[in-house]
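Quick notes on the structure that follows.
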Amino acid sequence: MNLKNISKRLSGNISGVASEVGTHSAIAIIAGLIVYVFVSSGYQTQIEELNNRINEMKAAEHNAIITKRISEQMEDIAYEQKALSDKQRMRAEEQSRIADIERGKAELERGLAVKAEQQARASAQEAETMRLIAEQQSVLATQHMEEALQARSHADTLFYQSLARSLAQTSITQYKSGDKSLAALLAYSAWYYTDKFKGNVYHQDIYTALLDNAPRAKMHIGKVLGNPRAIIEIPEMHSNNEAKGYVIATDYGEICHLAPKVDAAGHFNGYDEHRILNSQNYFFRDICIAKGDILALDVSGMLVKASLKNTKDAVISRKHLPMSNMPQERWRHLLQNDDGKIIAVGEHQVVWLDATGDNILFSHSVTDDISEAGIFGNKLAIFTKTGNLLTFLDGKPSNSSHISLPRNNPVSYYYYMKDRGMHILGTEDGDVLLYDSDYKYVKSLVGHSGAITHMEHLGWCLATSSYDHKICLWNLYDIDSQIAPIEVYYDKWPLCFTTNKDNWTLIIGLADGDIESLHISVDDNKNNIHDHIERDFTPQEWEYYIGKGVKYRRFKE
């Protein structure tokens, strides 16, 4: 065995021993073996190898010691880290407990906040409910206030309207007693409170008070000898300096011209009377204007043409109309249709003449007694005493019109209201019957108690006259309601009238020859009264007639 092999074996044994007995013991053994080797072998090379090995083992031991120290240090550090970790863990646990406490507090506070929010929502909902209730209460309060104001306004309205009617009644009484100054003041105040509080200025008492006190509302404008049977306004086309105003025919053989008088300033100053014809040989029943001349129909059928100019010989011509087979034919109507043709109507005979009245065009006999006749458009309507209606066009019978007539109440006057297409019948008993353009019955106007003598439409009203001594004014704007007429009384029968649409006036012929004018405009009459008021109420009069609760005012200003 050489030294090299011995060294390998020793190295292997040494390594094994070292691993078993520990580092220090191994070193001693190795040292002894080295000595032994060196002594036994004497080989320098092996000694060097062993020295190298020893050095390596020392280095390893040194490294092991360092590693151990490092391990011990690391262990100390680990213990320290563990201790620090424990502290941190304990601190974390403490913080966790604190966090749990804080979280509990937060949960509690959140719960309290949720509860508070719920309470706030409940409060808000309650507040909204209270707001809605308050708004409803406000609306109800406003409604109640408005109702109270309306009730008060209504009460005030009723009070002042009642006061106005009372003032009007007192005005009528004072007028009749002769105190015209106080009557005018009462009439104007009656109109004022009626108008201000939306009352009916066409109420009978209000209207009558205005008529009584307006200086030109009711005027006597002329006098004829006989009973006026027809009055017509001279048409505008014939209104020249020589002929203006109205023409009147009487049953005393008169044809009179009422010409308006105008002063130098152009103000109206009454009428002048001119008798165009005055002959007791005639009993005139109707008149019309034919080409600028007057046609007057005598009851016997004599047609007299006269000039509007008041000359010594006013009569232009005379023509006797053809008689029917009935004895003692009496003629009543002289009409003019839209074409200008003249139509004369007796008790049984109808005659058509040209526009001049000189030439007879057609003639027609009627078997039944004729009670009334009238014109609508170019058609002629004939009403018989048996309740029949006959219509004619250009002298020929027409069957296009059918009106339900009162058979036991003959028609005494017929009027066609052109602008409304309405047929209006006045009867012997005083009824006024309205029919539409299709001849369907609309309603009856009840107010007269005697035969209707005349009817015409003027502005807001239908004017009717009757043998009951009244002229009734019917407000056609209230035709859909129950119409109560304004009644104007006369001492004598109003036999006929005509209308002046320019100044809202009726020209009325009364029995025994009086000619009256009636101005029907409420505004004109109240203005006329105001212009002539002489004074204001004294404080004592105000308190007596109007009352302390009404604020004093002046009406004269």
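Taking the DSSP beta bridges with both ends in the chain, the antiparallel portion is around 100 percent.
Local charge for Ile508 was computed over the other residues whose Cβ lies under 12 Å away, with Lys and Arg +1 and Asp and Glu -1, and equals 0. Membrane-span-like helices in the chain (whole DSSP H runs, Cα extent of at least 15 Å along the helix axis, mean Kyte-Doolittle hydropathy of at least 1.6): 23-40. For the chain, the relative contact order is 9 percent, taking Cα pairs closer than 8 Å that sit 6 or more residues apart in sequence and dividing their mean separation by the residue count. Summing Lys and Arg as +1 and Asp and Glu as -1 over all other residues whose Cβ lies under 12 Å from the Cβ of Asp205 gives a net charge of -1. For the range 493-553, GluC sites (Glu not before Pro) are listed when DSSP marks them as loop and at most 14 other Cβ atoms sit within 10 Å of their Cβ; the list is Glu534. Each principal axis of the range 134-178 carries a Cα extent, and these read 63, 7, 5 Å when sorted largest first.
Might you tell me the accessible area per residue for the chain, computed with a 1.4 Å probe and given in Å²?
Result: 55 Å² of accessible area for each residue.
Altogether, the Stokes-Einstein calculation at 25 °C and 0.890 mPa s, with the Kirkwood radius of the chain over Cα pairs as Rh, returns a diffusion coefficient of 73 µm²/s. For the range 150-229, the list of trypsin sites (Lys or Arg not before Pro) that fall in a loop by DSSP and count at most 14 other C-beta atoms within 10 angstrom reads Lys198, Arg216. Among Phe392, Leu335, Met90, which residue has its Cα furthest toward the positive end of the charge dipole of the chain, with +1 on Lys/Arg Cβ and -1 on Asp/Glu Cβ? My answer, from the dipole projection, is Met90. Across the protein chains, with a 1.4 Å probe defining accessible surface, the residues His274, His532, His457 rank His532, His274, His457 from largest area downward. Note on the range 94-110 and the range 518-538: Cα centroid distance 97 Å, given to the nearest whole angstrom. Taking all protein chains together, Asp298, Asp272 sort by accessible area into Asp272, Asp298, largest first [probe 1.4 Å].
Share of carbon and sulfur in the accessible area of the chain stands at 50%, probe radius 1.4 Å. Assuming a ≥ b ≥ c are the square roots of the Cα gyration tensor eigenvalues, decide whether the range 446-504 counts as rounded (a/c under 1.5), prolate (otherwise, with a/b larger than b/c) or oblate. Oblate, because a/c is 1.5 or more while a/b does not exceed b/c.
The values are calculated or read from the model by the stated rules, or taken from the named source; none is laboratory data. Values in this document were obtained by computation on a predicted structure and should not be read as measured data. No Cβ is skipped: glycine too gets one built from the backbone with ideal geometry, and neighbour counts run over all protein chains shown. Side chains are part of the model used for accessible areas, which takes the heavy atoms of the whole protein and leaves out ligands, DNA and RNA. Shrake-Rupley method; radii C 1.70, N 1.55, O 1.52, S 1.80 Å.
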